[in-house]
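Notes follow the structure.
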Amino acid sequence: MPLGSVLLFLVLAQANQTSVTPGPTSIPGGPATNQVLRLTLRDAIEMAVRYNLGAIESNENVHIARGQRLHALSNLMPQVGAGVNENVEQLTAASFGIKNVLVPFVLGPFSYSTAQATIAQTRPR
C-alpha cells in the first residue's frame, strides 16, 4: 500500500473519531476572498466534513420528515369546532304581504341566538 494512501486513511480515521455534526454555523459565511489559502490535508478534510452540504441537507430532510409525521398524527386527533351567533332583526309587515291595521307596520326588533359545537375524528386505516 503506498504511503500516501496510508496517510489519507489515518487522517480520515482521525476525522471520523472527531465527528462534526452540521448545525446552523456549518454553512460558510462572511465575504469571499481572492487570497489563496494554504491548507494542510487535515484542514482540508475538516473543512470538507464541516461544510458538507449533503449532511446539512440530510439534517433538513430529517426536520421535514418529523414535521410531516406530526401533521399526519394531528389528523388522527379529534377535530373540535364551536361557534356562537346572535342576530337582531326588524321587519315590516308589508314585506310579508300583511296589510291589516291590527298588525303594526314595523315588527320587532327581535333577536335570536344560535350556538353549535362539532367534533369529528378520522379513523386510522
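Quick rundown of the values:
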quantity	calculated
Cα→Cβ-extended label distance, 7 Å offset, between Tyr112 and Leu37, nm	7.5 nm
GluC sites (Glu not before Pro) lying in DSSP loop within segment 53-110, provided at most 15 other Cβ fall within 10 Å	none
Low-density loop cleavage sites - trypsin sites (Lys or Arg not before Pro) in segment 52-106, where at most 14 other Cβ are within 10 Å (DSSP)	Lys99
Per-pair calculated FRET efficiency, R0 = 22 Å: Glu86 and Ile119 via Cβ, rounded to 0.05	0.45
Cα-based convex hull volume of segment 79-120 per residue, rounded to whole Å³	76 Å³
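Bear in mind these aren't lab numbers, they're just calculated from the coordinates by the rules spelled out. Quick caveat, the model's predicted, so the values are computed rather than measured. FYI the Cβ positions are ideal-geometry reconstructions off the backbone, even for glycines, and counts take in every protein chain you see.
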